[in-house]
């Protein structure tokens, strides 16, 4: 997995001012940055050991009702 934190250029004063004056742009910018940071992680497969634990939990909950 590649570290994405240092991959984008920092915002200059004009960009910051524009974002402060347009809250919708802040939401869009933040959404894009969060996606850049976490899309790769979110696409990773769930480990089989975690899937097994979830299956065990489902069986326990189903048997107790």
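The values are calculated or read from the model by the stated rules, or taken from the named source; none is laboratory data. On a predicted model such as this, the values are computed, not experimentally measured, just so you know. Using ideal geometry, Cβ is built from the backbone for each residue, glycine included, and neighbour counts are taken over all protein chains shown.
The table that follows gives values for the structure above.
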{"item": "Count of residues meeting criterion [surrounded by 10 or more Cβ atoms within 10 Å (Cβ to Cβ) and either touching a helix residue (DSSP H, G or I) at 6+ places or on another chain (Cβ under 9 Å) or closer than 30 Å to residue 9 by Cα (or both)] in the stretch 32-65", "result": "9"}
{"item": "Hey, residue 20 at pLDDT 80 or above and either surrounded by 10 or more Cβ atoms within 10 Å (Cβ to Cβ) or at positive phi (or both) or not", "result": "no"}
